[in-house]
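All remarks here apply to the structure that follows.
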Amino acid sequence: MRIDDPKLLAALAALDVELQHGASLAELTRLGIGGTTDLLRIGRHESIADLLNLLDHAAIPHKFLGGGSNLLVIDGELPFVILQLTKLDADVIIEGNVAHVDAAADLGRTVTFCAKNNLGGMEGLIGVPGTVGGALRMNAGAYGIQIGSCVREVKLYRAARREMEILKGDQISFEYRHTSFAPDDMMLSVKLELPSKPYQEILQGIRLCNEKRRSSQPLGQKSAGCIFKNPPGASAGRMIDELSLKGFSVGDAHVSDRHANFFINAGRASAADMLGLIAHVRERVRSAYGVALENEVVVWND
Ligand code: EPU
């Protein structure tokens, strides 16, 4: 979708919204799959209401992109534009045991920045790719830690009500890879409350998680992390592995040889290849185990 109405372009510039025509979602996602559309980068949180009003009046559908690490987007010219927060220079500010973090901040960098300030509790999240906002949305977690348990307060924009809101941690339900945020809520910033710990101790925890991750996950390859959520009491990766599906492929979309719940774009996989692989594996698991695997990866297919 392309925005070329001169009045709209001028209005966007006045809101400090930077427009990039024909941005490639293949370049904006870790999976390296997805078509092209206009990308609108939001410089000021305060412009969001006006921006959404402008897009509504012009009947331009939009989707909100975080770090693109858990996302599978269809190919071709996309029928929506993308909104993304601009990254700030000072995106993490420490005050006592609280880290004030912008939603566009990189999660891994946030974990290390807090560590250097002797604030721990997020060691397990070290290798989880993406932004803090994206991690919040889905309550990202690894090695026994979920980001939700560190949240004191979230500032968000509730698109449905067209208003900015601040929610306390206990007003939000954080479950396994699921939260009570509405699909069109935009995460803006968060206050994380973290326990004091000496840097060296945190570093040891970080190193341990990095080693575990390196030994079990296909880092450095194009993937969206785990494709499926683990069903209660079971492991999607183990079930897929037990069915000898490691290496199984549809086009350039492969089940990883290293971890069976990671699906790799090994070259020029299309969205159809990846969706075909997901459907095939889900069906094989359903017929062998009677379990309907639920996507962890978010799919933008309309
Ligand atoms: N396993 C296999 N074969 C495989 C993969 C795993 O047999 O190909 C077995 C492992 O040996 C282990 C069990 O399955 O006994 C669980 O595997 P693992 O420890 O790798 O954890 P997981 O349940 O597959 C979860 C998260 C990961 C997170 C790790 C570490 C989900 C869907 N996945 O993986 O998160 O990094 O634990 O805490 O919850 C993600 O969310 O994208 C993600 C990668």
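The values are calculated or read from the model by the stated rules, or taken from the named source; none is laboratory data. Please read these numbers as outputs of a predicted model, since none were measured by experiment. In this analysis, Cβ positions are derived from the backbone assuming ideal geometry, glycine residues included, and neighbour counts consider all displayed protein chains. Surface areas here come from the heavy atoms of the whole protein model, side chains and all, with no ligands, DNA or RNA. Shrake-Rupley method; radii C 1.70, N 1.55, O 1.52, S 1.80 Å.
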- Note on the structure: Taking 0.36 nm per residue of separation between Glu193 and Ser24 and subtracting their Cα-Cα distance, the length gained on full extension comes to 57.2 nm
- Note on the structure: re the chain: pairs of Cα atoms spaced beyond 37 Å account for a percent value of 17 percent
- Please get the size of the charge dipole for the chain, origin at its Cα centre, with Cβ charges of +1 on Lys and Arg and -1 on Asp and Glu, quoted in debye to the nearest 20. 860 debye
- Note on the structure: Here, Ala160 and Asp89, labelled 7 Å along Cα→Cβ, have an inter-label distance in nm of 3.9 nm
- For the stretch 53-198 the mean separation of alpha carbon contacts under 8 Å (6+ apart) over residue count, i.e. relative contact order in percent, is 24 percent
- Task: Would you please give the residues with an amide H less than 5 Å from that of Leu188, counting only those at least 5 places away or on a separate chain, with H modeled from the backbone geometry?
- Result: Lys155, Leu156, Tyr157
- Only bridges with both residues in the stretch 1-154 count here: give the DSSP antiparallel percent, nearest 5. 60 percent
- Starting from the Cα of Tyr289, step 7 Å toward the Cβ, then list every residue of the stretch 225-242 with an amide N under 12 Å from that point. 228-242
- Item | Computed lengthening from Ala49 to Glu201, 0.36 nm per intervening residue step minus Cα-Cα distance | 50.4 nm
- Antiparallel content of DSSP bridges confined to the chain, in %, to 5: 80 percent
- Message: Considering only protein heavy atoms and a probe of 1.4 Å, how much of the accessible area of the stretch 1-56 is carbon and sulfur, as a whole percent?
- Response: 48 percent
- Task: Could you do me a favour and compute the accessible area per residue for the chain, 1.4 Å probe, result in Å²?
- Result: 46 Å²
- Going through the stretch 162-240, which chymotrypsin sites (Phe, Trp or Tyr not before Pro) have at most 13 other Cβ atoms within 10 Å and a DSSP loop state? Tyr176
- Message: I need the shape label for the stretch 105-227. Rule: rounded when a/c is under 1.5, else prolate if a/b > b/c, else oblate, with a, b, c from the alpha carbon gyration tensor.
- Response: oblate
- Phi-derived 3J(HN,Hα) across the stretch 160-173 with the Karplus relation (6.51, -1.76, 1.60, θ = phi - 60°), rounded Hz, x for Gly and Pro, is 4, 9, 6, 8, 6, 9, 10, 10, 6, x, 7, 8, 10, 9
- Message: Can you return the lysines within cross-link range of Lys7? Criterion is Cα-Cα under 26 Å, with same-chain partners fewer than 8 residues away left out.
- Response: Lys63
- Item | Amide N proximity, the stretch 260-302 versus Glu175 label position 7 Å along Cα-to-Cβ, cut-off under 17 Å | 292-297
- Give, rounded to the nearest 20 debye, the magnitude of the charge dipole that the stretch 17-59 has about its Cα centre when Lys and Arg contribute +1 at Cβ and Asp and Glu contribute -1 at Cβ. 180 debye
- Query: Using the C-alpha gyration tensor of the stretch 116-184, what are the square roots of 5 times its eigenvalues, in whole angstrom, with the largest one first?
  - Reply: 23, 13, 11
- How large, in percent, is the carbon and sulfur part of the accessible surface of the stretch 122-264 at a probe radius of 1.4 Å? 49 percent
- the stretch 51-121: Rg to Rh, with Rh as the Kirkwood radius over Cα pairs: 1.13
- For the stretch 189-279, using Cα atoms only, the Rg and Dmax in Å read 16.7, 49
- Query: Protein chains only, probe 1.4 Å: how do Thr36, Thr29 rank by accessible area, largest first?
  - Reply: Thr36, Thr29
- Item | Exposure of Lys222 as accessible area (Å², to 10), given a probe of 1.4 Å and all protein chains | 100 Å²
- Message: If DNA, RNA and ligands are ignored and the probe is 1.4 Å, what is the ranking of His57, His62, His45 by accessible area, most exposed first?
- Response: His57, His62, His45
- Taking the stretch 147-191, how much of its Cα-Cα pair set, in percent, is spaced more than 14 angstrom apart? 45 percent
- Estimated D of the stretch 202-250 in µm² per second, where Rh is the Kirkwood radius over Cα pairs and Stokes-Einstein applies at 4 °C, 1.567 mPa s: 100 µm²/s
- Give, to the nearest whole percent, the P(r) tail of the stretch 36-85 beyond 12 angstrom, counting all Cα pairs. 67 percent
- Query: What shape does the stretch 1-115 take by its C-alpha gyration tensor, where a ≥ b ≥ c are the square roots of the eigenvalues and a/c under 1.5 counts as rounded, a/b above b/c as prolate, and the rest as oblate?
  - Reply: oblate
